[in-house]
Amino acid sequence: MLADIAMLAASGLSVRAYIRILPDLIRRLFQVDTVGFFWCTENGDMVDAYVEEPHFLSAEVLHSCQSYQEERADNWPSFTENVLAGSVTGYLLPYQTPEFYGSHHFSFTYDKIHAYYILDAVVHDGTRPYGCFLLMRSRNAGPFSKHEIALAHDIAKLMIFSFAKPEACTADASRHFESGLIMLNAKNVITYRNRAAHQSLWMIAREGSAHMLTDTQDSNDVLLNQFCHSGIHEMRVNGSHEQKFRNSWGDFIVKYDPGEVPGSVMIQFRQAQAFACHVALRLAAEKISPRRIMICWLLLSGLSRKEIAWRLGIGLDTTNEHIACLFAQLGVISNVDLMRHFSN
(Lines give C-alpha, C1' and ligand atoms only; values in the text may rest on other atoms or scores of the structure.)
Protein backbone atom coordinates (compact mmCIF):
# COMPACT_ATOMS: atom_id res chain seq x y z
CA MET A 1 0.00 0.00 0.00
CA LEU A 2 2.90 2.37 0.65
CA ALA A 3 4.10 1.73 -2.91
CA ASP A 4 0.65 2.66 -4.19
CA ILE A 5 0.66 5.91 -2.19
CA ALA A 6 4.22 6.62 -3.34
CA MET A 7 3.27 6.29 -7.01
CA LEU A 8 0.33 8.62 -6.49
CA ALA A 9 2.46 11.18 -4.65
CA ALA A 10 5.10 11.07 -7.40
CA SER A 11 2.55 11.29 -10.23
CA GLY A 12 2.82 15.07 -10.51
CA LEU A 13 -0.69 15.63 -9.16
CA SER A 14 -1.32 18.20 -6.48
CA VAL A 15 -2.47 16.85 -3.11
CA ARG A 16 -5.86 18.48 -3.74
CA ALA A 17 -6.32 16.29 -6.83
CA TYR A 18 -6.14 13.07 -4.80
CA ILE A 19 -7.12 14.24 -1.31
CA ARG A 20 -10.49 12.46 -1.42
CA ILE A 21 -9.03 9.04 -2.23
CA LEU A 22 -6.06 9.26 0.14
CA PRO A 23 -8.23 8.26 3.14
CA ASP A 24 -9.38 5.14 1.28
CA LEU A 25 -5.77 4.10 0.78
CA ILE A 26 -4.78 4.94 4.34
CA ARG A 27 -7.63 2.83 5.72
CA ARG A 28 -6.03 -0.21 4.15
CA LEU A 29 -3.12 0.38 6.54
CA PHE A 30 -4.90 1.73 9.63
CA GLN A 31 -8.21 1.40 11.39
CA VAL A 32 -9.21 5.06 11.24
CA ASP A 33 -12.53 6.89 11.09
CA THR A 34 -11.48 10.29 9.78
CA VAL A 35 -8.48 11.55 7.80
CA GLY A 36 -7.51 15.14 7.07
CA PHE A 37 -4.71 17.23 5.61
CA PHE A 38 -3.66 20.79 6.50
CA TRP A 39 -1.54 22.94 4.17
CA CYS A 40 0.92 25.50 5.53
CA THR A 41 3.32 28.21 4.45
CA GLU A 42 7.08 28.04 4.92
CA ASN A 43 6.59 29.92 8.20
CA GLY A 44 4.14 27.33 9.47
CA ASP A 45 0.92 29.30 9.03
CA MET A 46 -2.11 27.23 8.03
CA VAL A 47 -3.43 28.29 4.62
CA ASP A 48 -6.00 25.59 3.87
CA ALA A 49 -7.30 22.25 5.03
CA TYR A 50 -9.46 19.30 4.13
CA VAL A 51 -11.00 16.83 6.58
CA GLU A 52 -13.52 14.16 5.63
CA GLU A 53 -15.95 15.51 8.22
CA PRO A 54 -16.57 19.15 7.18
CA HIS A 55 -17.80 19.90 10.73
CA PHE A 56 -14.22 19.58 11.88
CA LEU A 57 -13.24 22.54 9.68
CA SER A 58 -16.08 24.85 10.67
CA ALA A 59 -15.17 28.28 12.02
CA GLU A 60 -16.73 27.37 15.38
CA VAL A 61 -14.42 24.38 15.76
CA LEU A 62 -11.36 26.41 14.81
CA HIS A 63 -12.33 29.10 17.33
CA SER A 64 -12.76 26.40 19.97
CA CYS A 65 -9.28 25.07 19.27
CA GLN A 66 -7.80 28.56 19.46
CA SER A 67 -9.57 29.27 22.76
CA TYR A 68 -8.40 25.98 24.24
CA GLN A 69 -4.80 26.79 23.34
CA GLU A 70 -5.08 30.24 24.87
CA GLU A 71 -6.47 28.93 28.19
CA ARG A 72 -3.05 27.56 29.11
CA ALA A 73 0.18 27.20 27.14
CA ASP A 74 0.50 23.46 27.68
CA ASN A 75 -3.10 22.58 26.82
CA TRP A 76 -2.51 21.96 23.14
CA PRO A 77 0.23 23.10 20.73
CA SER A 78 -0.53 25.56 17.97
CA PHE A 79 -0.57 24.33 14.39
CA THR A 80 2.54 26.39 13.68
CA GLU A 81 4.42 24.83 16.58
CA ASN A 82 3.41 21.38 15.35
CA VAL A 83 4.60 21.74 11.74
CA LEU A 84 7.79 23.64 12.63
CA ALA A 85 8.83 20.77 14.91
CA GLY A 86 10.23 19.06 11.82
CA SER A 87 9.48 15.73 10.21
CA VAL A 88 7.68 14.38 13.25
CA THR A 89 4.82 11.96 13.81
CA GLY A 90 2.91 11.82 17.08
CA TYR A 91 3.73 15.32 18.32
CA LEU A 92 0.14 15.63 19.59
CA LEU A 93 0.09 12.34 21.50
CA PRO A 94 1.43 13.69 24.84
CA TYR A 95 -1.33 16.32 24.90
CA GLN A 96 -4.15 13.76 24.80
CA THR A 97 -4.56 13.75 28.57
CA PRO A 98 -7.57 13.18 30.86
CA GLU A 99 -7.87 16.96 31.07
CA PHE A 100 -8.11 17.18 27.28
CA TYR A 101 -10.78 14.47 27.10
CA GLY A 102 -12.78 16.23 29.82
CA SER A 103 -12.69 19.62 28.12
CA HIS A 104 -15.49 21.38 26.30
CA HIS A 105 -13.17 21.63 23.31
CA PHE A 106 -12.91 17.85 23.02
CA SER A 107 -16.65 17.27 23.29
CA PHE A 108 -17.42 20.03 20.77
CA THR A 109 -14.68 19.21 18.27
CA TYR A 110 -13.54 15.59 18.35
CA ASP A 111 -16.34 13.79 20.13
CA LYS A 112 -18.85 15.02 17.54
CA ILE A 113 -17.03 13.07 14.83
CA HIS A 114 -16.39 10.08 17.13
CA ALA A 115 -12.66 10.79 17.29
CA TYR A 116 -10.75 9.92 20.43
CA TYR A 117 -7.19 9.12 19.41
CA ILE A 118 -5.45 11.66 17.16
CA LEU A 119 -2.22 10.94 15.30
CA ASP A 120 -0.45 13.73 13.41
CA ALA A 121 2.32 13.39 10.81
CA VAL A 122 4.10 16.47 9.44
CA VAL A 123 5.16 16.61 5.80
CA HIS A 124 8.59 18.25 6.05
CA ASP A 125 11.51 17.95 3.62
CA GLY A 126 14.15 18.86 6.20
CA THR A 127 14.14 22.51 5.18
CA ARG A 128 10.53 23.57 5.29
CA PRO A 129 7.11 22.18 6.23
CA TYR A 130 4.39 21.66 3.63
CA GLY A 131 1.58 20.59 5.91
CA CYS A 132 0.36 17.96 8.28
CA PHE A 133 -2.15 15.15 8.08
CA LEU A 134 -4.27 13.78 10.91
CA LEU A 135 -5.52 10.26 11.48
CA MET A 136 -8.42 10.08 13.93
CA ARG A 137 -10.21 7.06 15.31
CA SER A 138 -12.68 6.08 17.99
CA ARG A 139 -11.98 5.03 21.54
CA ASN A 140 -13.03 1.44 20.76
CA ALA A 141 -10.25 1.17 18.16
CA GLY A 142 -7.59 1.81 20.81
CA PRO A 143 -4.46 3.98 20.70
CA PHE A 144 -2.06 4.00 17.77
CA SER A 145 0.76 1.47 18.06
CA LYS A 146 4.46 2.19 17.48
CA HIS A 147 4.20 0.34 14.17
CA GLU A 148 1.30 2.56 13.06
CA ILE A 149 3.17 5.70 14.09
CA ALA A 150 6.12 4.55 11.97
CA LEU A 151 3.80 3.88 9.02
CA ALA A 152 2.25 7.34 9.32
CA HIS A 153 5.75 8.82 9.32
CA ASP A 154 6.56 6.89 6.12
CA ILE A 155 3.42 8.22 4.43
CA ALA A 156 4.36 11.79 5.39
CA LYS A 157 7.80 11.29 3.84
CA LEU A 158 6.24 9.93 0.64
CA MET A 159 3.88 12.90 0.38
CA ILE A 160 6.87 15.25 0.04
CA PHE A 161 6.96 14.22 -3.63
CA SER A 162 3.58 15.89 -4.13
CA PHE A 163 5.20 19.25 -3.38
CA ALA A 164 8.36 18.72 -5.44
CA LYS A 165 6.91 20.46 -8.49
CA PRO A 166 5.74 24.05 -7.93
CA GLU A 167 3.08 23.72 -10.65
CA ALA A 168 1.51 20.35 -9.92
CA CYS A 169 -1.19 19.29 -12.35
CA THR A 170 -4.84 18.80 -11.45
CA ALA A 171 -7.40 16.25 -12.54
CA ASP A 172 -8.34 15.42 -16.11
CA ALA A 173 -11.94 16.58 -16.35
CA SER A 174 -12.84 13.77 -18.76
CA ARG A 175 -13.23 11.29 -15.90
CA HIS A 176 -15.68 11.89 -13.03
CA PHE A 177 -16.77 10.04 -9.93
CA GLU A 178 -19.93 10.26 -7.85
CA SER A 179 -19.27 12.68 -4.99
CA GLY A 180 -22.48 13.24 -3.10
CA LEU A 181 -26.27 13.19 -3.07
CA ILE A 182 -28.87 15.52 -1.53
CA MET A 183 -32.65 15.07 -1.59
CA LEU A 184 -35.07 17.97 -1.02
CA ASN A 185 -38.81 17.85 -0.49
CA ALA A 186 -41.32 20.17 -2.16
CA LYS A 187 -40.52 22.89 0.41
CA ASN A 188 -36.76 22.66 -0.27
CA VAL A 189 -36.11 21.03 3.10
CA ILE A 190 -33.27 18.48 3.11
CA THR A 191 -34.66 14.97 3.58
CA TYR A 192 -31.39 13.18 2.85
CA ARG A 193 -27.74 14.05 2.35
CA ASN A 194 -24.58 12.00 2.61
CA ARG A 195 -21.20 13.11 3.88
CA ALA A 196 -19.74 13.26 0.37
CA ALA A 197 -22.29 15.92 -0.59
CA HIS A 198 -21.26 18.13 2.33
CA GLN A 199 -17.62 17.59 1.36
CA SER A 200 -18.34 18.64 -2.23
CA LEU A 201 -20.25 21.75 -1.15
CA TRP A 202 -17.48 22.70 1.26
CA MET A 203 -14.85 22.28 -1.47
CA ILE A 204 -16.88 24.26 -4.01
CA ALA A 205 -17.18 27.07 -1.46
CA ARG A 206 -13.60 26.91 -0.18
CA GLU A 207 -10.97 28.60 -2.31
CA GLY A 208 -8.49 29.29 0.48
CA SER A 209 -8.28 33.03 -0.16
CA ALA A 210 -9.82 34.04 3.18
CA HIS A 211 -8.73 32.90 6.61
CA MET A 212 -10.89 29.99 7.72
CA LEU A 213 -11.52 31.57 11.10
CA THR A 214 -13.45 34.41 9.45
CA ASP A 215 -15.98 32.14 7.71
CA THR A 216 -18.90 31.29 9.95
CA GLN A 217 -21.29 30.47 7.07
CA ASP A 218 -20.16 26.90 6.47
CA SER A 219 -23.18 24.84 7.52
CA ASN A 220 -24.69 22.49 4.97
CA ASP A 221 -27.92 24.53 4.74
CA VAL A 222 -26.07 27.80 4.18
CA LEU A 223 -23.77 26.32 1.52
CA LEU A 224 -26.68 24.66 -0.25
CA ASN A 225 -28.55 27.95 -0.43
CA GLN A 226 -25.46 29.83 -1.55
CA PHE A 227 -24.38 27.56 -4.38
CA CYS A 228 -27.44 25.52 -5.37
CA HIS A 229 -30.34 27.93 -5.00
CA SER A 230 -30.29 29.00 -8.66
CA GLY A 231 -29.91 25.41 -9.85
CA ILE A 232 -32.89 24.28 -7.78
CA HIS A 233 -34.95 27.14 -9.20
CA GLU A 234 -33.96 26.31 -12.81
CA MET A 235 -34.88 22.66 -12.30
CA ARG A 236 -38.30 23.52 -10.93
CA VAL A 237 -38.96 25.83 -13.88
CA ASN A 238 -37.39 23.92 -16.77
CA GLY A 239 -36.89 20.33 -15.55
CA SER A 240 -33.39 18.82 -15.23
CA HIS A 241 -30.55 21.31 -14.85
CA GLU A 242 -26.76 21.15 -14.59
CA GLN A 243 -24.17 23.48 -13.07
CA LYS A 244 -20.38 23.41 -13.34
CA PHE A 245 -17.89 24.76 -10.82
CA ARG A 246 -14.10 24.98 -11.05
CA ASN A 247 -11.57 26.06 -8.42
CA SER A 248 -8.28 24.86 -6.91
CA TRP A 249 -10.00 21.69 -5.65
CA GLY A 250 -10.94 20.65 -9.18
CA ASP A 251 -13.91 20.51 -11.52
CA PHE A 252 -17.40 19.76 -10.21
CA ILE A 253 -20.69 19.00 -11.94
CA VAL A 254 -23.93 19.45 -9.99
CA LYS A 255 -27.00 17.90 -11.61
CA TYR A 256 -30.59 18.61 -10.56
CA ASP A 257 -33.40 16.17 -11.37
CA PRO A 258 -36.98 15.65 -10.16
CA GLY A 259 -37.18 13.11 -7.33
CA GLU A 260 -39.58 10.18 -7.15
CA VAL A 261 -41.90 12.05 -4.76
CA PRO A 262 -43.86 14.85 -6.51
CA GLY A 263 -42.18 18.21 -5.96
CA SER A 264 -38.94 16.70 -4.60
CA VAL A 265 -35.47 17.42 -6.01
CA MET A 266 -32.46 15.13 -6.36
CA ILE A 267 -29.08 16.88 -6.41
CA GLN A 268 -26.13 14.77 -7.56
CA PHE A 269 -22.50 15.90 -7.27
CA ARG A 270 -19.73 14.62 -9.50
CA GLN A 271 -16.05 15.58 -9.39
CA ALA A 272 -13.31 15.22 -11.98
CA GLN A 273 -10.85 12.45 -11.18
CA ALA A 274 -7.37 12.08 -12.62
CA PHE A 275 -6.66 8.73 -14.26
CA ALA A 276 -3.80 8.28 -11.78
CA CYS A 277 -6.32 8.35 -8.90
CA HIS A 278 -8.48 5.76 -10.62
CA VAL A 279 -5.42 3.53 -11.15
CA ALA A 280 -4.31 3.95 -7.53
CA LEU A 281 -7.67 2.73 -6.23
CA ARG A 282 -7.69 -0.19 -8.67
CA LEU A 283 -4.14 -1.19 -7.74
CA ALA A 284 -5.03 -1.01 -4.06
CA ALA A 285 -7.71 -3.63 -4.67
CA GLU A 286 -5.27 -6.00 -6.40
CA LYS A 287 -2.81 -8.21 -4.53
CA ILE A 288 0.29 -7.02 -6.35
CA SER A 289 3.82 -6.75 -4.94
CA PRO A 290 5.33 -3.26 -4.51
CA ARG A 291 7.80 -3.84 -7.37
CA ARG A 292 5.01 -4.84 -9.75
CA ILE A 293 2.86 -1.92 -8.65
CA MET A 294 5.67 0.38 -9.79
CA ILE A 295 6.11 -1.49 -13.06
CA CYS A 296 2.37 -1.47 -13.72
CA TRP A 297 2.19 2.26 -12.98
CA LEU A 298 5.07 3.00 -15.34
CA LEU A 299 3.55 0.85 -18.10
CA LEU A 300 0.29 2.76 -17.76
CA SER A 301 2.29 6.00 -17.94
CA GLY A 302 3.53 4.98 -21.40
CA LEU A 303 7.12 3.98 -20.60
CA SER A 304 8.77 1.21 -22.62
CA ARG A 305 10.21 -1.89 -20.99
CA LYS A 306 13.73 -0.58 -21.49
CA GLU A 307 12.79 2.74 -19.88
CA ILE A 308 11.20 0.94 -16.91
CA ALA A 309 14.30 -1.23 -16.42
CA TRP A 310 16.50 1.88 -16.45
CA ARG A 311 14.14 3.84 -14.17
CA LEU A 312 14.04 1.04 -11.57
CA GLY A 313 17.70 0.04 -11.92
CA ILE A 314 16.96 -3.57 -12.83
CA GLY A 315 17.79 -5.71 -15.84
CA LEU A 316 15.56 -5.94 -18.90
CA ASP A 317 15.10 -9.69 -18.41
CA THR A 318 13.99 -9.12 -14.82
CA THR A 319 11.58 -6.42 -16.01
CA ASN A 320 10.13 -8.77 -18.63
CA GLU A 321 9.67 -11.51 -16.00
CA HIS A 322 7.80 -9.11 -13.72
CA ILE A 323 5.59 -7.96 -16.59
CA ALA A 324 4.82 -11.54 -17.63
CA CYS A 325 3.76 -12.40 -14.07
CA LEU A 326 1.79 -9.16 -13.80
CA PHE A 327 -0.08 -9.86 -17.04
CA ALA A 328 -0.86 -13.41 -15.96
CA GLN A 329 -2.15 -12.24 -12.58
CA LEU A 330 -4.41 -9.60 -14.12
CA GLY A 331 -5.51 -11.76 -17.04
CA VAL A 332 -4.21 -9.44 -19.78
CA ILE A 333 -1.91 -10.15 -22.73
CA SER A 334 -0.66 -6.72 -23.82
CA ASN A 335 -0.15 -3.11 -22.79
CA VAL A 336 -3.39 -2.22 -24.55
CA ASP A 337 -5.24 -4.88 -22.53
CA LEU A 338 -3.61 -3.53 -19.37
CA MET A 339 -4.83 -0.01 -20.14
CA ARG A 340 -8.30 -1.35 -20.89
CA HIS A 341 -8.29 -3.33 -17.61
CA PHE A 342 -7.61 -0.20 -15.55
CA SER A 343 -9.81 2.10 -17.63
CA ASN A 344 -13.02 0.17 -16.90
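Within straight-line reach of Lys255, meaning a Cα separation under 28 Å, sit the following lysines at least 8 residues removed in sequence or on another chain: Lys187, Lys244. Rounded, prolate or oblate: which fits the chain, taking a ≥ b ≥ c as square roots of the Cα gyration tensor eigenvalues, rounded meaning a/c under 1.5, else prolate when a/b beats b/c? Oblate is the answer for the chain, as a/c is 1.5 or above yet b/c matches or exceeds a/b. Taking every alpha-carbon pair under 8 Å whose residues sit at least 6 apart, region 1-135 reaches a relative contact order of 27 percent. Relative contact order for region 87-138: 40 percent, from Cα pairs under 8 Å spaced at least 6 residues apart, divided by residue count.
Protein heavy-atom surface of region 294-344, 1.4 angstrom probe: 56% of the accessible area is carbon and sulfur, with nucleic acids and ligands not counted.
Run the helix sum for the chain: -39,500 (n - 2.57) per DSSP H stretch of 4+ residues, divided by residue count, reported at 222 nm to the nearest 500 deg cm²/dmol. The partial results should precede the final answer.
Numbers: 15 runs with 142 residues, N = 344.
Taking each H run of at least 4 residues, the total per residue is -12000 deg cm²/dmol.
Projected over every direction and averaged, the convex hull enclosing the alpha-carbon atoms of region 1-125 yields 7.9 nm².
Under a cut-off of 18 Å between alpha-carbon atoms, report the lysines in cross-link reach of Lys146, not counting same-chain residues fewer than 8 places apart. Lys146 reaches Lys157.
Could you tell me what percent of the accessible area of region 72-205 is made up of carbon and sulfur, with a 1.4 Å probe and every protein chain present?
Numbers: 3470 of 6400 Å².
That fraction is 54 percent.
By the gyration tensor of its Cα atoms, with a ≥ b ≥ c the square roots of the eigenvalues, what is the shape of region 67-155: rounded for a/c under 1.5, prolate for a/b over b/c, or oblate? Because a/c hits 1.5 or more and a/b fails to exceed b/c, region 67-155 counts as oblate. In this structure the chain gives 47 Å² per residue of accessible area when probed at 1.4 Å with all protein chains present.
Relative contact order (percent) for the chain, with alpha-carbon contacts under 8 angstrom and 6 or more residues of separation? Display every interim value, and only then the final one.
Working: 550 pairs, mean separation 65.7, N = 344.
Reported relative contact order: 19 percent.
The values are calculated or read from the model by the stated rules, or taken from the named source; none is laboratory data. Values in this document were obtained by computation on a predicted structure and should not be read as measured data. Ligands, DNA and RNA are stripped out before the accessible areas are found, and what is left, the full protein with its side chains, is counted by its heavy atoms. Shrake-Rupley method; radii C 1.70, N 1.55, O 1.52, S 1.80 Å.
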